[in-house]
Amino acid sequence: MSKAAGLLILDYWVSPFCQRVKIALNEKGLQYEDRHENDLFGGKSELLLKSNPVYQKVPVFLHDGKPVCESTIIVSYIDETWSSPPLLPPCSYGRAQARFWADYIDKKVFDATGNIWRSKEVNVEAKNEFIGILKQLEEALGDKDYFNGATFGFVDIIAIPLTCWFLAVERIGGFTVAEECPKFSSWTKRCLQRESVAKALPDPEKVYEFVLMFRKMQGIE
Amino acid sequence: MEGGVVLLDFWASMFGMRVRIALAEKEIKYEYREQDLRNKSDLLLQMNPVHKKIPVLIHNGKPICESLVQVQYIDEVWHDKAPLLPADPYKRATARFWADFVDKKMYDSGSKIWKTKGEEQEAAKKEFIENLKLLEGELGDNLYFGGEGFGYVDVALVPFYCWFYAYEQCGGFSIEAECPKLIAWVKRCMQKESVAKSLADPEKVYEFVLHLKKAYGIE
């Protein structure tokens with residue numbers, strides 16, 4: 001592990017967006033401080049509010065005190081600052097495709113999971129939309145081991161933390177991703193075998209407990 | 001289709017305008033193909049099957065979709081002329097953050113101004129101006145965003161200017177009165193040929209918005 005001065009993440013344990021940043025740093029072999037923010041339930045630190053005045057959200061990545069916000073932008077910054085191993089493909093077209101799919105995942109996946117687990121009744125339309133999105137991603141994956149190709153990379157990092165929420169979605173929605181989207185499921189297992197990923201992600205059972213607690217709080221149960 | 005650059009676009013799209021500006025900045029010759037969005041062409045659906053939207057940039061027969069992805073692609077491929085993103089990674093991250101802010105905030109709050117009335121419209125106007133003031137704050141005393149030459153954030157934001165007249169007419173307010181510094185920045189950008197030639201005529205955009213309002217049954 002190489003030491004780089006002053007790397008700090010303002011974090012919230014269940015946030016898949018924070019986990020993206022941790023995976024990127026792990027992939028680069030960097031040590032960092034992981035500081036937990038009480039993001040959802042009040043008590044945001046002065047540092048968080050000062051570092052991300054526009055959105056006041058985690059993750060915030062501080063490099064020698066300089067803040068970078070928005071998880072996909074942070075991952076790009078990490079990749080550009082510490083070049084080895086590269087997270088994006090070398091050619092411009094491949095990079096454009098990677099950015100396109102990262103944007104697609106950002107726009108679609110988390111909201112689609114929310115439409116299922118925030119729903120009191122089992123929402124068939126939400127389930128179909130979610131499965132549709134995963135099938136679209138399966139098409140993008142094709143026969144490759146990773147979205148990035150033969151090696152784990154940018155799009156894989158953007159996508160994999162969201163899968164920790166799939167257990168909750170499966171239990172509440174009454175289906176399994178393995179049955180509906182086996183290719184996506186295989187890709188998930190492949191990524192989870194990487195140490196950089198496994199040590200950054202929470203136990204999906206704990207995410208499920210969090211979702212149940214959130215549903216109770218919102219009066220959805 | 002072999003070789004060359006083709007842009008599938010719609011004349012009033014601020015997202016398409018971003019790409020037009022980037023191509024003009026780099027002096028890239030390309031074929032512009034106007035699309036009928038009510039009757040989408042086979043080519044559009046084939047080149048952007050995921051979102052089925054314009055703009056689509058086609059380079060050597062291969063499609064690139066999403067305007068900010070396209071601008072970054074153009075900047076990387078034609079890197080020897082008029083760089084849009086800075087070289088320094090921290091400045092690049094800052095530029096991406098503000099371009100992303102424009103993407104997340106401007107289109108929706110602007111659309112709500114012409115699509116709604118009453119309290120909802122007032123809330124949309126307030127949010128729109130707040131977003132512009134945040135951008136003014138980021139611009140600061142610089143001539144362009146980022147403090148270097150005309151670049152990525154300028155390209156991401158300036159196309160929205162040609163919709164301002166429509167927002168003002170529909171919302172009954174003056175954007176220049178609220179955000180004079182931003183309008184000064186717009187005027188500076190409009191002196192560049194790449195911008196002036198890429199933006200639509202605000203009067204035509206307003207006519208288009210009136211036509212859309214009628215079609216949606218608004219008002």
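Result for chain B in a Gaussian network model with C-alpha springs under 10 Å: among B:ALA87, B:ALA184, B:ALA166, the largest mean-square fluctuation is at B:ALA87.
Among A:CYS69, A:CYS18, the order by Cβ neighbours within 10 angstrom, fewest to most, reads A:CYS69, A:CYS18. Here, chain A yields an orientationally averaged convex hull projection of 12.1 nm² when only Cα atoms define the hull.
Annotation: lysines with alpha-carbon distance below 22 angstrom to A:LYS107 (same-chain offsets under eight excluded): A:LYS22, A:LYS57, A:LYS127, A:LYS135, A:LYS183, B:LYS52, B:LYS53, B:LYS104, B:LYS105, B:LYS112. Bridge orientation summary for the stretch B:5-77: considering DSSP beta bridges with both residues in this region, about 65 percent are antiparallel.
Note on chain B: antiparallel DSSP beta bridges, both residues inside, total approximately 65 percent of the bridges counted. When both bridge partners sit in the protein assembly as shown, DSSP labels roughly 65% of those beta bridges antiparallel. Can you bin chain B into rounded, prolate or oblate? Criterion: square roots of the alpha carbon gyration tensor eigenvalues sorted a ≥ b ≥ c, rounded for a/c under 1.5, prolate for a/b above b/c, oblate for the rest. Oblate shape, in that a/c is at least 1.5 and b/c is the bigger or equal ratio. Per-residue mean of foreign Cβ neighbours for A:89-97 is 5 (Cβ atoms of other chains, 10 Å radius). Calculated FRET efficiency, A:LYS66 to A:ASN38, Cβ-Cβ distance, R0 = 25 Å: about 0.60 to the nearest 0.05.
Take each residue in B:59-66, count the other chain C-beta atoms within 10 Å of its C-beta, and the mean is 4. Per residue, the average separation of C-alpha pairs within less than 8 Å and at least 6 apart gives the stretch A:1-87 a relative contact order of 35 percent. For chain B, a Gaussian network of Cα nodes joined below 10 Å ranks B:ALA95, B:ALA22, B:ALA123 by mean-square fluctuation, and the top entry is B:ALA123. Highest-first packing order for the peptide set A:157-164, B:65-72, A:132-139 is A:157-164, B:65-72, A:132-139, based on the mean count of other beta carbon atoms within 10 Å.
Once the Cβ-Cβ distance of B:LYS81 and B:GLU130 is raised to the sixth power relative to R0 = 35 Å, the FRET efficiency obtained is 0.45. Within the listed set A:ASP64, A:ASP106, A:ASP79, the Gaussian network model of chain A (springs between alpha-carbon atoms below 10 Å) gives the highest mean-square fluctuation for A:ASP64. Extent along the principal axes, Cα only, for the protein assembly as shown: 57, 50, 49 Å, with the longest axis given first. Using the alpha carbons alone, the radius of gyration of the stretch B:89-216 stands to its Kirkwood radius in an Rg to Rh ratio of 0.97. Between A:GLU46 and A:GLN136, the distance separating the two model label sites (each 7 Å from Cα on the Cα→Cβ line) works out to 4.4 nm. Only one residue of B:ALA156, B:ASN142, B:ALA215 has its Cα farthest out toward the positive end of the dipole of the stretch B:127-219, where Lys and Arg carry +1 and Asp and Glu -1 on Cβ, and that residue is B:ALA215.
Relative to its residue count, the stretch B:5-77 spans a Cα convex hull of 80 Å³ per residue. Modelled label positions at A:GLU125 and B:GLN46, each set 7 Å beyond Cα in the direction of Cβ, lie 3.4 nm from each other. In this rough spin-label picture, where each label sits 7 Å from Cα along the Cβ direction, the A:SER186-B:ALA215 distance is 4.4 nm.
Where a number appears in this text, it was derived from the coordinates with a stated rule and is not lab data. None of the values given here were measured: they were computed from a predicted structure. Cβ coordinates were reconstructed from backbone atoms using ideal geometry, including for glycine residues, and neighbour counts include every protein chain displayed.
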